[in-house]
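Undergrad: Next up is a structure, given as structure tokens.
The values are calculated or read from the model by the stated rules, or taken from the named source; none is laboratory data. From a predicted model like this one, the values you see are computed outputs, not experimental measurements. Please note: Cβ atoms are built from the backbone with ideal geometry, for glycine as well, and neighbour counts cover all protein chains shown.
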Amino acid sequence: EDKVVQSPLSLVVHEGDTVTLNCSYEVTNFRSLLWYKQEKKAPTFLFMLTSSGIEKKSGRLSSILDKKELFSILNITATQTGDSAVYLCAVDQTGANNLFFGTGTRLTVIP
Amino acid sequence: SAVISQKPSRDICQRGTSLTIQCQVDSQVTMMFWYRQQPGQSLTLIATANQGSEATYESGFVIDKFPISRPNLTFSTLTVSNMSPEDSSIYLCSVATAINSPLHFGNGTRLTVT
């Protein structure tokens, strides 16, 4: 059975801390892995990863994929209160229209 | 990326009634999808909205309960029919502008059924 597992389920940190969010997957016909940030209702796209070992970076956020060990991490450095959100990991499969989502990690950044 | 307008933003409905949610995109898109996010859960695909033909439904979702229209490449509607409290969820429209491009989401509709 295909699955995407995120850890931790929730995380509380202080402003300025660095956090690492984890996503492991077991899916057939893997094509890419995507990260989204969901603050209220709408997930906003962060990264799409297709190749192992190539870091994608956007400001304080970065992500990398390991296709051999079947996981990805999302790093956030120097966290701010505006980073508080649910971070969703999703896997795209070849030949399928469906994005298979994990249950998310709820990050809370306190001042 | 495409600008996706979804409405209504939220609604409170009585059981047994139906609600139609609209999704308008500011440019033609290849793929349009409807997702549901039940409280405390992750996103689940309801169906793929096909332009000019019947939608493709995922296991556990049927056309009679969730009729979908997509008359052109920029617009789609999802109707939640004969609602029950179990239909209380966030409903999300998503689009892909090209094959293998990432999905982008509308602002979502928070539905509460009493």
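Undergrad: Going through B:GLN38, B:GLN14, B:GLN22, B:GLN28 one at a time, which residue ends up being within 23 Å of A:THR103 (Cα to Cα) and surrounded by fewer than 17 Cβ atoms within 10 Å (Cβ to Cβ)? Explain how you work it out, then say what you get.
TA: On the way: B:GLN14 fails: within 23 Å of A:THR103 (Cα to Cα); B:GLN22 fails: within 23 Å of A:THR103 (Cα to Cα); B:GLN28 fails: within 23 Å of A:THR103 (Cα to Cα).
After applying the criteria, what remains is B:GLN38.
Undergrad: Given B:SER5, B:SER18, which one is away from chain A (no Cβ under 14 Å) and of a type outside the set (A, V, I, L, M)?
TA: Working: B:SER5 fails: away from chain A (no Cβ under 14 Å).
After applying the criteria, what remains is B:SER18.
Undergrad: Follow-up. At least 1 residues that are closer than 20 Å to A:THR108 by Cβ in each: list the strands (runs of 3 or more DSSP E) lying fully within region A:1-68 that qualify.
TA: Values: elements: A:3-7, A:10-14, A:19-26, A:30-38, A:43-49, A:56-58, A:61-66.
Strands (runs of 3 or more DSSP E) meeting the threshold: A:3-7, A:10-14, A:19-26, A:30-38, A:43-49, A:61-66.
Undergrad: Could you figure out which of (1) away from every other protein chain (no Cβ under 14 Å); (2) of a type outside the set (Phe, Trp, Tyr); (3) buried (at least 18 other Cβ atoms within 10 Å of the Cβ); (4) under 10 Å from the mean Cα position of the chain (by Cα) isn't true of A:ASP83?
TA: Every condition holds for A:ASP83 apart from (4).
Undergrad: With a cut-off of at least 2 residues that are within 13 Å of chain A (Cβ to nearest Cβ) and in contact (Cβ under 8 Å) with a residue 40 or more places away in the chain, name the strands (runs of 3 or more DSSP E) lying wholly within region B:51-114.
TA: Numbers: elements: B:68-72, B:75-80, B:89-96, B:109-113.
Fully inside region B:51-114 and qualifying: B:89-96, B:109-113.
Undergrad: If you don't mind, another one. So A:THR103 ticks every box in (1) at pLDDT 95 or above; (2) of a type in the set (Val, Ile, Thr); (3) within 22 Å of A:ALA42 (Cα to Cα) but one. Which box is left unticked?
TA: (1)
Undergrad: Starting from residues that are loosely packed, with under 15 Cβ neighbours inside 10 Å and within 17 Å of A:ALA90 (Cα to Cα), keep the ones in region A:11-31 and report whichever is modelled with the highest pLDDT.
TA: A:THR20
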